[in-house]
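Notes follow once the structure below has been shown.
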Amino acid sequence: MDKLVIEGGRRLSGTVTISGAKNACLPILAATLLSDDRSVIRNIPALRDMSTMLKILKNFGVRAQQEGSAVTVEPHGYKKYIAPYEQVSTMRASVCVLGPLLAKQRRAEVSFPGGCVIGPRPIDLHIKGLKALGAKIRVERGYILADGRNLKGGNVYLGGHFGSSVLATANVMMAATLAKGETVIENAACEPEVVDLTHFLIKMGARIKGVATHRLVIEGVKKLHGAEHSVIPDRIEAGTYILAAAATKGDITLKDVIPDHMVALIDKLTEAGLEMKKIPGGIRVRYVRKLRPMDITTLPYPGFPTDMQAQFMSLMAVTDGISVITEKIYPERFIHISELNRMGADILLEGASAIVKGVKNLSGAPVMASDLRASAALVLAGLVAKGRTDVQRIYHLDRGYEKIEEKLLKLGAKVWREKDK
Ligand code: EPU
């Protein structure tokens, strides 16, 4: 198992290019299953989750090939419809093949994804939505068994206890593209990744109105064709580098970003005192004054993203004053607190809120990554800390951050990968 070693205390400066968005690529690759034709998806990052998704596609009998950052998918009459436990358990997002399989093959067997360290990951909204489209669904042997022989348009409200759901919206929208008649999804998620998927589906011939709103209207068509698409930049990767610049009192320019996808983060950091300037195709981030502590609450888009919560906490851990971070999407997504405290942070968990008392310095330590974003938070803490930090189990990080040590090295960090004994 690899670990990432960081000698902290260096100010980051320079330019970093942001990769394609992992959470847009996954449903878009799944959407290629809706057609028999060849699709080409560009700007796909080299990440472990992408290899997992390609394996899943190949398992259905689809040809999928990656050349650089382009993936060509050739479904050509594939017949299989089972996504096994061994694959789904390594990546919960694989549940997004459910909608396309149901629409195209009129049946699907997808392993039930279950929970994970960031908390329970229910799929009741996915099931509710697909049932509203006439699918018969039961859970047996740990699998979601779906029969779509009577698939037709329907109306569904996709709001849950924690607001809208990204992948439930993706699944229901994908199923609706080939379901006869009109489907209306109320309280649809409008994260940029959902919008990017919608654009791809429209390129495939889907008829969708209300793009980027909470009300999607889909008119089913008989057939979709292949399409070419370039995936949007990863707003969470971009946000992570912005926070790294802020935490190390740096000055970095991010290329290939869409600042409009990061309004909540930009707003909060500007309020905290970070200088952020939009430039063509990018954004420049400069630490020019002492930052103020902040209160944030994670919410569905365009609210503050839960996928930035852990990294934001690392910055607040070294920002003088008291910050409060409330998690409204995954109330248990706080495993990083104990590891940050091992590095000298002063963070107390009170229900679904973390009370962060800024400290002067963090000190390097061996720490354990528990999930993707928590790992990124530990890397940020390691960049600021005095001395050496060993972030163990970085396979989590490799799921979502392309060439992270290469990018950090280029920005002046002292970081390398080692085999863990
Ligand atoms: N929820 C339900 N029922 C459902 C589905 C979700 O109650 O049927 C709840 C969840 O438990 C959560 C909230 O609704 O409280 C939102 O979950 P959502 O369904 O939107 O999450 P997701 O689609 O499974 C995607 C991202 C996550 C990101 C969330 C929230 C992908 C592949 N994953 O997951 O990304 O945290 O949206 O924005 O798109 C990550 O990249 O590290 C990551 C975990």
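Charge tally around E271: other residues with Cβ under 14 Å, Lys/Arg +1 each, Asp/Glu -1 each, net +1. Apply the Debye scattering formula to segment 148-210, with a single equal point scatterer on each alpha-carbon and no solvent, then give log10 I(q)/I(0) at q = 0.21, 0.26 Å⁻¹. Treating every Cα as an identical point scatterer, log10 I(q)/I(0) equals -0.83, -1.20. Measuring nothing but protein heavy atoms, the accessible surface of the chain at 1.4 Å probe radius is 51 percent carbon and sulfur. Packing, taken as the mean count of other beta carbons within 10 Å per residue, orders the peptides 172-181, 273-282, 324-333, 211-220 from highest to lowest as 172-181, 324-333, 211-220, 273-282. Rounded to the nearest whole Hz, the Karplus-based 3J(HN,Hα) values (6.51 cos²θ - 1.76 cosθ + 1.60, θ = phi - 60°) of segment 366-378 follow the sequence x, 9, 10, 6, 10, 7, 3, 6, 4, 4, 5, 4, 5, with x at glycine and proline.
In straight-distance terms, cross-link reach from K152 covers every one of the aspartates and glutamates whose alpha-carbon lies under 13 Å from its own, apart from those fewer than eight places away in the same chain; here that gives E182, E219. Near T17, the amide H atoms lying under 5 Å from its own belong to K255; only residues 5 or more places off or on other chains count, and H is placed 1.01 Å from N.
Take the Cα of T15, step 7 Å toward its Cβ, do the same at H161, and the gap between the two points is 4.8 nm. Placing pseudo-labels 7 Å out from each Cα toward the beta carbon at K55 and D295 gives an inter-label distance of 4.5 nm.
FRET efficiency for D420 and L349, Cβ-Cβ distance as r, R0 = 22 Å, nearest 0.05?
Details: r = 28 Å, r/R0 = 1.27.
E(calc), rounded to 0.05, equals 0.20.
Computed from Cα positions, the angle between helix 192-203 and the longest principal axis of the chain comes to roughly 30 degrees. Kirkwood analysis of segment 119-224, using all unique Cα-Cα pairs, places the hydrodynamic radius at 13.7 Å. Over the chain, all Cα pairs binned in 10 Å intervals from 0 give whole-percent P(r) values of 5, 23, 31, 24, 13, 4, 0, listed from short to long.
Here the Karplus curve 6.51 cos²θ - 1.76 cosθ + 1.60, taken at θ = phi - 60°, turns the phi angles of segment 350-361 into couplings of 10, x, 9, 10, 10, 9, 10, 9, x, 10, 5, 9 Hz, with x standing for Gly and Pro. Under the simplified labelling scheme, the D260-D2 pair shows an inter-label distance of 3.5 nm, with each label point 7 Å from Cα along Cα→Cβ.
Helix-only estimate, please: 222 nm mean residue ellipticity of the chain, summing -39500 (n - 2.57) across DSSP H runs of length 4 or more and dividing by its residues, to the nearest 500. One gets -9000 deg cm²/dmol as the mean residue ellipticity at 222 nm.
Taking amide H as placed 1.01 Å from N in the peptide plane, G250 has its amide H under 5 Å from the amide H of L12, Y287, each at least 5 places away in sequence or on another chain. If the Kirkwood radius is taken over C-alpha pairs of segment 24-121, then at 20 °C and 1.002 mPa s the Stokes-Einstein diffusion coefficient equals 159 µm²/s. Cross-link check: pairs K277/K410; K357/K419; K255/K410; K209/K328; K22/K410; K249/K328 evaluated at a Cα-Cα cut-off of 24 Å; pairs beyond the cut-off: K357/K419; K209/K328; K249/K328. Of H261, H229, H76, which has the largest mean-square fluctuation in a 10 Å C-alpha GNM of the chain? In this elastic network of the chain, the residue with the biggest mean-square fluctuation among H261, H229, H76 is H76.
Under 5 Å between amide hydrogens, built in the peptide plane, is the criterion, and for D295 it picks out V324 among residues at least 5 positions away or on other chains.
Quick one: net charge around I337, please, counting Lys, Arg +1 and Asp, Glu -1 for every other residue with C-beta under 12 Å from its C-beta. Net of charged neighbours comes to -3. At full extension, I202 and H214 could sit 2.6 nm farther apart than now, given 0.36 nm per residue minus the alpha carbon distance. Determine which residues of segment 46-86 fall in the zone a paramagnetic label at R141 would reach in this model, i.e. backbone nitrogen under 13 Å from the point 7 Å along Cα→Cβ. Output list for this probe position: 82-86. Evaluated at q = 0.09, 0.14, 0.16, 0.19 Å⁻¹, a Debye calculation over the C-alpha positions of segment 24-230 (equal weights, vacuum) places log10 I(q)/I(0) at -0.28, -0.73, -0.98, -1.47. Phi angles of segment 210-226 translate, via the Karplus equation with coefficients 6.51, -1.76, 1.60 and θ = phi - 60°, into HN-Hα couplings of x, 3, 6, 10, 7, 10, 9, 10, 10, 9, x, 10, 6, 8, 10, 10, x Hz per residue; Gly and Pro are given as x.
Cα centroid separation, segment 39-117 to segment 194-235: 18 Å. Using C-alpha pairs under 8 Å with a sequence gap of at least 6, the mean separation divided by the residue count of the chain gives a relative contact order of 21 percent. Comparing V288, V318, V16 in a Gaussian network model of the chain where C-alpha atoms under 10 Å apart are linked, the largest mean-square fluctuation is found at V288.
The values are calculated or read from the model by the stated rules, or taken from the named source; none is laboratory data. Everything numeric in this text was worked out from a predicted model, so none of it was measured. Every residue, glycine among them, receives a Cβ derived from its backbone with ideal geometry; neighbour counts consider all protein chains shown. Side chains included, ligands, DNA and RNA excluded: accessible areas come from the protein's heavy atoms. Shrake-Rupley method; radii C 1.70, N 1.55, O 1.52, S 1.80 Å.
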